[in-house]
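Student: Here you go, one structure.
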Amino acid sequence: MVHGLFSLAPQAACMLHCAQHEFCGKLPMRLRKSCAASPCSIGFATNTGGAYAAEQKGMDHMNNFNLFTPTKVVFGKDTESQTGALVKAFGGQKVLLHYGSGSVVRSGLLDKIKASLQAEGIAFTELGGAVPNPRLALVYEGIALGQKEGVDFVLAVGGGSAIDSAKAIAYGLAEPEQDVWDLYEHTRTAKACLPIGVVLTIAASGSEMCDSSVITKEEESKKRGYNSDLCRPRFAVMNPALTMTLPDYQTACGCTDIMMHTMERYFTNGGHMEITDGIAEALLRTVMKNALVLRDDPRNYEARAEVMWAGSLSHNGLTGCGIQASDFASHALEHEIGGVYDVAHGAGLAAIWGSWARYVCDSCKDRFYRFAVNVMEITPSDDIDTVIRTGIEKLEAFFRSIHMPTSLKALGIAPSDAILREMAHNCAIASGGKKGSAKVLYEEDMYQIYKAANER
């Protein structure tokens, strides 16, 4: 065997790799992983007889990962007609049909779902009333109803609120001797969960494929999340046409939430992979493009489809592969805002994100620079801080272009300093004392971000 058939100098090797994603060559020298002097961060070596290979130390940025996405996705027009057959295939015999407001009734969707269940001989009982920031009281009602009726499957028809509520009900039905709220307070771990299916009507939360749910205990103004693979839906029926009648504001909130789920994994000091970065950046660009299409043409099926699929991919784990620690500080901060003021989740995220970004970006410059160049299309420059700042400002401008707020004032709230302090305190408690990966935030940091968002 002939070794050294061709040889790549370290810098040349770096540029060969970077031709795939057009980034490393744009990165200012002081943000590169020694590209010009040694193998780049991906790790091209020159110590194997002139051939190139990955160096172990060059792979330190990529972490081991598990990806578990067991949800069967049935995507496209008229797919809701398959719901009954899907429930039957996954063993459901008596279904709790859980949904939100009257929209699924007025549209005729609920009747279609019922007919589909009846065609397969599947009995069902129903519980409506799921609302944004889904309430613990309704979860308790669903658990009691499910016990009374002997249900063995929970079917959510709606968006993230109905799905999250259905997940909490399914936890409670599987362990009826336990208080389901204990899970959300993180005082115990779930041991079981009834199987769940989803007919999605809102592209936003990604709850149709993810391991999380968020519930609000209204009387204490607490909004808390719980994560477990046990609650991942068995199937998700996704017909983009079902989202066409959404109010423009709800569509924009959904697009914002989708982007945030990806950015929470992107802005991290917990490692990364080039392929994961590329997927994340493409997803963000796609959502932004199609959010603008839907702003002007709400009934555009292709744009609806792009956004709906992006919502699932943003939160099923794919955009976190190779990452040891995601951030999710913006979500934690918003949960306190949502718990106190009952605002739309996506709008709350948009209102807090810019203040969070400015507070943490100095601790995560390479990621914010890459975001500015590859997602927001800012011209590369050795003036790193200006590129980063311009990228943040351009994303905020995008939010405003789809009528999302970029401050607490624009969100329609004006918390007192005492409330800001209380939200920061509760956020720290809910986060176990600290939160974040781009920059680890403690209670005082959380307060400063709230304060900045309140003063803008």
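Student: With hydrophobic (A, V, I, L, M, F, W, C) and either over 29 Å from Met308 (Cα atoms) or assigned by TED's automatic domain parsing to the domain that holds Gly254 (or both) as the only criterion, which of Val131, Val139, Val154, Val180 stands out?
Tutor: When all the criteria are applied, what remains is Val180.
Student: Could you tell me how many of the residues in the range 299-335 are within 14 Å of the chain's Cα centre (by Cα) and not hydrophobic (A, V, I, L, M, F, W, C)?
Tutor: 14
Student: If I ask for residues that are surrounded by 24 or more Cβ atoms within 10 Å (Cβ to Cβ), out of contact with any Cys (no Cβ under 7 Å at 6 or more places or on another chain) and not hydroxyl-bearing (Ser, Thr, Tyr), which ones from the range 216-234 would you list?
Tutor: Of everything in the range 216-234, those that are surrounded by 24 or more Cβ atoms within 10 Å (Cβ to Cβ), out of contact with any Cys (no Cβ under 7 Å at 6 or more places or on another chain) and not hydroxyl-bearing (Ser, Thr, Tyr) turn out to be Lys223, Pro233.
Student: Return a yes/no flag: does the range 341-351 have any residue that is surrounded by 23 or more Cβ atoms within 10 Å (Cβ to Cβ), of a type in the set (Phe, Trp, Tyr) and not assigned by TED's automatic domain parsing to the domain that holds Ser207.
Tutor: No: the range 341-351 contains no residue that is surrounded by 23 or more Cβ atoms within 10 Å (Cβ to Cβ), of a type in the set (Phe, Trp, Tyr) and not assigned by TED's automatic domain parsing to the domain that holds Ser207.
Student: So in the range 380-405, with the set limited to residues that are among the β-branched types (Val, Ile, Thr) and under 22 Å from Thr268 (Cα atoms), which one is surrounded by the fewest Cβ atoms within 10 Å (Cβ to Cβ)?
Tutor: Thr386
Student: Given the criterion β-branched (Val, Ile, Thr), touching a Ser or Thr at 6+ places or on another chain (Cβ under 9 Å) and not in a loop (DSSP other than H, G, I, E, B), identify the matching residue among Thr286, Thr256, Thr276.
Tutor: After applying the criteria, what remains is Thr276.
Student: Conditions: (1) surrounded by fewer than 17 Cβ atoms within 10 Å (Cβ to Cβ); (2) on the phi < 0 side of the Ramachandran plot; (3) at pLDDT below 95; (4) of a type outside the set (A, V, I, L, M). Arg295 meets all but one. Number of the miss?
Tutor: Of the numbered conditions (1) surrounded by fewer than 17 Cβ atoms within 10 Å (Cβ to Cβ); (2) on the phi < 0 side of the Ramachandran plot; (3) at pLDDT below 95; (4) of a type outside the set (A, V, I, L, M), the odd one out for Arg295 is (3).
Student: Given the options Ile352, Ile429, Ile419, Ile388, name the one that is in contact with a Leu (Cβ under 7 Å, 6 or more places away or on another chain) and either of a type in the set (Val, Ile, Thr) or in a helix (DSSP H, G or I) (or both).
Tutor: Sole residue among the options that is in contact with a Leu (Cβ under 7 Å, 6 or more places away or on another chain) and either of a type in the set (Val, Ile, Thr) or in a helix (DSSP H, G or I) (or both): Ile352.
Student: Let me ask another. Can we say Gly391 is more than 17 Å from the chain's Cα centre (by Cα), small (Gly, Ala, Ser) and at pLDDT 95 or above?
Tutor: yes
Student: If I filter the range 248-273 down to residues being within 14 Å of Gly320 (Cβ to Cβ) and within 10 Å of the chain's Cα centre (by Cα), which single residue comes out as surrounded by the fewest Cβ atoms within 10 Å (Cβ to Cβ)?
Tutor: Within the range 248-273, the match that is surrounded by the fewest Cβ atoms within 10 Å (Cβ to Cβ) is Met260.
Residues checked against (1) within 23 Å of Met209 (Cα to Cα); (2) surrounded by fewer than 20 Cβ atoms within 10 Å (Cβ to Cβ); (3) more than 26 Å from the chain's Cα centre (by Cα); (4) modelled with pLDDT of 95 or more:
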| position | (1), (2), (3), (4) |
| --- | --- |
| Val95 | yes, no, yes, yes |
| Ser101 | yes, yes, no, no |
| Ser116 | yes, no, yes, yes |
| Leu155 | yes, no, no, yes |
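Student: If you don't mind, another one. Which residue pairs have Cβ atoms closer than 6 Å, lie 6 or more positions apart in sequence or on different chains, and pair a first residue in the range 237-259 that is within 25 Å of Thr406 (Cα to Cα) and without any contact (Cβ under 8 Å) to a residue 60 or more places away in the chain with a second residue that is aliphatic (A, V, I, L, M) and part of a helix (DSSP H, G or I)?
Tutor: Thr251/Leu294; Ile258/Val287; Ile258/Ala310; Met259/Leu284; Met259/Val287
Student: What is the one condition in (1) closer than 19 Å to Gly100 by Cα; (2) not in a loop (DSSP other than H, G, I, E, B) that Ser207 does not satisfy?
Tutor: (2)
Student: Then there is this: What pairs can you find where one residue is in the range 300-318 and assigned by TED's automatic domain parsing to the domain that holds Lys289 and among the hydrophobic types (A, V, I, L, M, F, W, C), the other is in a loop (DSSP other than H, G, I, E, B) and surrounded by 24 or more Cβ atoms within 10 Å (Cβ to Cβ), and their Cβ atoms are less than 7 Å apart, with a gap of 6+ or different chains?
Tutor: Hits for this filter: Val307/Ala203; Met308/Ala203.
Student: Here's a follow-up. Which count do you get for residues in the range 397-439 that are in contact (Cβ under 8 Å) with a residue 60 or more places away in the chain, closer than 15 Å to Cys253 by Cα and β-branched (Val, Ile, Thr)?
Tutor: Count: 1.
Student: Run Arg295 past the list (1) under 17 Å from the mean Cα position of the chain (by Cα); (2) under 22 Å from Glu393 (Cα atoms); (3) charged (D, E, K, R); (4) outside any loop (DSSP other than H, G, I, E, B) and report the number of the one that doesn't hold.
Tutor: The single condition Arg295 does not satisfy is (1).
Student: Pick out the one residue from Ala305, Ala282 that is out of contact with any helix residue (DSSP H, G or I) (no Cβ under 9 Å at 6 or more places or on another chain), modelled with pLDDT of 95 or more and of a type outside the set (Ser, Thr, Tyr).
Tutor: Checking each option against the conditions leaves just Ala282.
Student: To continue, here is another question. State whether one or more residues within the range 356-375 are in the same structural domain as Arg295 (by TED's automatic domain parsing), touching a residue at least 12 places away in the same chain (Cβ under 8 Å) and touching a Cys at 6+ places or on another chain (Cβ under 6 Å).
Tutor: Taking every residue of the range 356-375 in turn, at least one turns out to be in the same structural domain as Arg295 (by TED's automatic domain parsing), touching a residue at least 12 places away in the same chain (Cβ under 8 Å) and touching a Cys at 6+ places or on another chain (Cβ under 6 Å).
Student: Quick one: which of Glu336, Glu306, Glu377 is buried (at least 24 other Cβ atoms within 10 Å of the Cβ) and charged (D, E, K, R)?
Tutor: None of the other options fit; the residue is Glu336.
The values are calculated or read from the model by the stated rules, or taken from the named source; none is laboratory data. Worth saying up front: this structure is predicted, and the values here are computed from it rather than measured. Note that each Cβ is placed from the backbone with ideal geometry, even for glycine, and that neighbours are counted across all protein chains shown.
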